[in-house]
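The structure appears right after this line, and notes come after that.
Please treat every number below as a calculation from the coordinates, not as lab data. Please read these numbers as outputs of a predicted model, since none were measured by experiment. Here the Cβ positions follow ideal geometry from the backbone for every residue, glycine too, while neighbour counts run over all protein chains shown.
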């Protein structure tokens, strides 16, 4: 399966980083655990299983001890994302950001807490508790979602195995069972460089109505209006978008970046449909904040909002990285059959290549 | 332990319902599970255990099938309340509202989902997923909070045993291990009648600095400035406030009610301290909304915002019910010793009686 | 100047109403006052004048007496829109929605109040005051914006002359002096039908960076990367979007529609740049709310959120109507020279026609 | 008329600054213009006039060139406060904060713009436009509010005359015609010191129902339940609260301070009634932000949220300063008769003294 640029197109105006992935932001790591077992009729609690976990680590150190400045944005709140209230209040994230399926959010929060307690045994005893940030999509079209097959060990494994470098995309981790515009969706990533900063995006794609699919302005969805459709519609979906950057921004400013994710999402044809849980989590690796600061006043640096060109560069980087991350997810996801023989087809890359070059 | 009114005082201007509890709103049910085991030094994962679960059911039917119109409000977001995004987007709650300790939020979300799946086996298969609303306070001063001793069965038990009628207060359920103004806190409830409507409040109290405690205007905290203090400060706390009413209000209007909870909270001396997770969940039992509506237009009724006297009556009812629920929690909680011999003392009711009557 | 469809293209999947304008929503009226005087060097306070007023009336009756259910959404808050706080709290609009230039917001609020006082002499004496909703864009590249040439009479005239039927577009009213993607911007409108409902959009366009301009997926901006540019960049802009519908929706639901305006805006290439004041005002003409309701409970109807197909139809209608309104504004605006000889060129319609048909 | 402390009471736990006013924050200035003319029957547009303007200047320099970090908070949005959207987006205030009557908001915004243009003639020509922050209360019970008697010269005068030092309170400026708990309201101020920082509050008080009035815990309103009432109720009111500090805080953190204003307001008995426009504006004089920053990265300092004691000190300072500012406003306001002979009586200070000392 090719990534978007392997189709010979150059999306957007800015250049990507070396991996064209969120891991181009120095320090950021991504880890997946992919769960694929069984086939045939749905036996709730048994399978078939088509799900997983994706963990994004803003840095490789102790995130509780060195929190990252962050923001969250809800584009459409029909979803169960966890940990958002505290990020809004305090403007930091203090755990890995973990993506999974909708019904596993509770158990995944619990697993993240366990991991944090192991690394920080003082939590809840001599210091405050810990706020896990978890997102989700509903993969129930292929997956026995009621079975909540993501266990704590899968969460821990994703965190422990998280690595810098290229990000595996498509039917992996939290994207194992997802759909996108009626095709098979999955995990995708991309990045952009603007000035001396990098912006990276990672998307768990599970949204969209076939006729709306647009790739670099081409109405690809209408080309496939009658082909490669699932036997029954997979139902309303969702998208989780994680943004990372190394630009020195405040949480308010990261919120501004997070709101631009909608503009990248819209370029692919999304209307943020009624049943979609569309959430954005944004962080910066610049100036992490210690859990136990040395003093009662701390110096930080940041880009002033009055630096229009720099801010607009970051905004454009977000829009382009989100768009390309989604399209990478779509292109890198292979056909998959899950519960009850439900099948989501891969978007045919060669046909897409021809459509994109026709214009 | 006496409730506030048993001290011979009549707080506020409005009259309570027959139980002076959230259960005065017809249909509302409350259930607790209280976990108290062990004593002595903290052995993380072992105990001592001083925690629990409190479940508030807006009605006794199938909440997923008949959702209640609702709103949430974050007063200070230093907390881990779950399920808020979807309530904001859709304006409904579709599960029991469950309160517990901070580190048990994940497992409690998972347990609520299990309970909902049993009652609604179509969830995630032929219909959408389900959004669990869970709140929390940090009871780690007395409780082995790392042990996450609340198990799924405790959540289910609280839901199944939930009943109308008087609400047990003090060291029960999610209030088992909490502190309040440096005294023992717990669960409290109260209600008010305004016109033909009832407003009820239930509070899980775990907040407050001793010198700030104010009861009906009397600076009770300063009276106890040097007595009955815990050996070490219990650390920043939290409060979860649940409001129920039978008034026909929209989610926007319930948000307006929820914001008035701060005014009741403030009357007790709270400044919503930095480390406090102060959240409000408000629902109305009027015009529940079916998961599968019969048509694409539905009639509802509601109180117009222009009915100033009615709206102000509801606002006052919220303020008074929240204030009294908090004071009931404080008065009904008995002295408790937990992990490491940490002790939270009961607020001495007789001394308080004298203080309140001196004015 | 042609509207978009006169170039032989059929944007989107839904059909427009008879005028393809916000006035397709029964009852909605639009009125403009266009101010063009002087030329040559800027004499602040004197001219040249290239500005105006556009008034959108949700219905032709007394809006204070019969308020419309409404919502507002700030996409990027670098702007001076007025009246938003009360719309958020109460969910209604009680005046015409008036658009003008940035520095005339104060005087325009004042003029709207005057108009409302004339029609409702009890305001502020025996009843509450009135909340004027006013939006703006910065037309200072062509216009002597410091001169605040919009006077009360221009506001009143726009309101009084507001009419149903086709909406005049381009260099009129509040769009007289605006820019869009470095071309001349202006006022544009469009509508969509979905089921038995109509959604209309009106946009005051003053935003966008030339390279980003995208029309129906075609990178038109890059085609004109070096041509028809203003001699100096017009600076960061803004967009005001007004949405009207006859669908029976609550203010919460109208907020959901308003958030979809970002998805239509994004289709044209916007990244909601740093200096842009991007605001959305949405109203429904269904079930207007009387200032003096007859009783303390009122019946209303509304579309349940669970009616996925209906809600998604409305969302798509918003996205498509906003996109087309913006493109209509761009195409219908003619070249204009203003202060200091600053010139904004019309987007060449014939060239655009060829570009759109090449794909 | 005495201030609260002149009654021999010591409210709160923290100490005030030397003036016990917002001007204790170094650099902050306050100026009033008071308009009192005519008596007898209301002649709309003619009089009687009982209104005014109060301007708060965060510093004495050019506020557009040196903006102050700021936040706004809407407690109840039934009001017409202007300029809030941009403060939310950018976290700064760039003009004086001006308070006036409800129907004069538009003209006051316009007057503030005029003042800013005079000092910064490049606005809207070679740089961005300017965002005026204006708040209001409805003084229509005493004042010919339809007459909008506040003219531009009154706004300019308030700004020009703004001074450090003691703040005139009571029936002055924007408090000239306001009511509070059915008594005469007005302008009040207070301050608190916490560590090395100062927090100041200024309130324009126009809210409250007589039975709710509480002073330092004493139900003063019920003592005056049947006396000194206006002949007809003045209708629902409002409160504008301005907070200043010299603590180095981000806009997010100032938002946290602003939300604590509700807790001070609640101590006086407010329930933030339905028709009340209750708004908070908070700024810090620390690290002003230049309109034209020297570089694209700037150093700032701030208090970390993890410094619990410092943050809680600031929160308590806000609560206490707001409470005392309101009570000062109430005590310092003298009886006033306005339009149609409508009279608001002064709260009798000697009786209050006795009530406060009885406890």
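Report the residue, chosen from C:148, C:227, C:252, that carries the largest GNM mean-square fluctuation when chain C is represented by alpha-carbon nodes joined by springs under 10 Å. Residue with maximal mean-square fluctuation among C:148, C:227, C:252: C:227.
Distances between equivalent label points of residue A:66 across the copies, with each point positioned 7 Å along Cα→Cβ, amount to 3.7, 5.5, 6.5 nm, shortest listed first. DSSP bridge analysis restricted to the protein assembly as shown gives an antiparallel fraction near 80%, rounded to the nearest 5.
Summary of the geometry: the stretch D:172-244 and the stretch B:170-241, compared by the centres of their Cα atoms, lie 27 Å apart. Is the C-alpha gyration tensor of the stretch D:1-149 telling us rounded, prolate or oblate? Criteria: a/c under 1.5 is rounded; beyond that, a/b larger than b/c is prolate, otherwise oblate. Verdict is oblate for the stretch D:1-149. Spin-label pair residue A:353-residue D:43: with each label point 7 Å from Cα along the Cα-Cβ axis, the two points sit 8.7 nm from one another.
What shape does chain A have by the C-alpha gyration tensor, where a ≥ b ≥ c are the square roots of the eigenvalues, rounded means a/c under 1.5, and otherwise prolate means a/b greater than b/c and oblate the rest? Oblate is the answer for chain A, as a/c is 1.5 or above yet b/c matches or exceeds a/b. Spatially, the stretch B:309-330 and the stretch C:89-142 are offset by 36 Å when compared through their Cα centroids. Distance from the alpha carbon centroid of the stretch C:275-298 to that of the stretch C:1-65 works out to 21 angstrom.
Here the calculated FRET efficiency for residue D:127 and residue D:308, from their Cβ-Cβ distance with R0 = 51 Å, stands at 0.80, rounded to the nearest 0.05. Each copy carries a label point for residue C:2 at 7 Å from Cα along the beta-carbon vector; from one copy to the others these points are 3.4, 8.2, 8.6 nm apart, nearest first. Expressed to the nearest 5 percent, the antiparallel share of DSSP beta bridges inside chain C is 75 percent.
How high is the relative contact order of the stretch A:202-359? Use alpha-carbon pairs under 8 Å, at least six apart in sequence, and give a whole percent. It comes to 30 percent, rounded to a whole number. With the simple spin-label model, which puts each label point 7 Å out from Cα in the Cβ direction, the residue C:5 to residue D:6 separation comes to 7.2 nm. Each residue in A:226, B:139, A:305, A:278 was given a count of other beta-carbon atoms within 10 angstrom of its own, and listing them fewest first yields A:226, A:305, A:278, B:139.
Across the copies of the chain, residue B:152 has label points (7 Å from Cα along Cα→Cβ) spaced 1.4, 7.0, 7.1 nm apart, shortest distance listed first.
Ranking of A:223, A:357 by neighbouring Cβ atoms within 10 Å, starting from the fewest: A:357, A:223.
Here the stretch C:184-335 carries DSSP beta bridges of which approximately 70% are antiparallel, counting only pairs with both residues inside.
Which parts of the stretch C:134-148 would a label at residue C:337 reach, counting a residue when its backbone N lies under 20 Å from a point 7 Å out along Cα-to-Cβ? Inside the label zone: C:140-145. By the count of other C-beta atoms within 10 Å, a proxy for reagent exposure, C:298, D:89 are ordered fewest to most as C:298, D:89. By the gyration tensor of its Cα atoms, with a ≥ b ≥ c the square roots of the eigenvalues, what is the shape of the protein assembly as shown: rounded for a/c under 1.5, prolate for a/b over b/c, or oblate? Since a/c reaches 1.5 but b/c is at least a/b, the shape of the protein assembly as shown is classed as oblate.
Across the stretch C:31-136, the mean sequence separation of Cα contacts (distance under 8 Å, 6 or more residues apart), normalised by length, yields a relative contact order of 28 percent. As a length-normalised measure over Cα pairs under 8 Å and 6 or more apart, the relative contact order of chain C settles at 27 percent.
Simple spin-label estimate for residue D:15 and residue C:225 gives 6.7 nm between the two label positions (7 Å along the Cα-to-Cβ direction from each Cα). Do the sum for chain C: with -39,500 (n - 2.57) for every DSSP H run of n ≥ 4, divided by all residues, what is the mean residue ellipticity at 222 nm, to the nearest 500 deg cm²/dmol? Counting only the DSSP helices, I get -7500 deg cm²/dmol.
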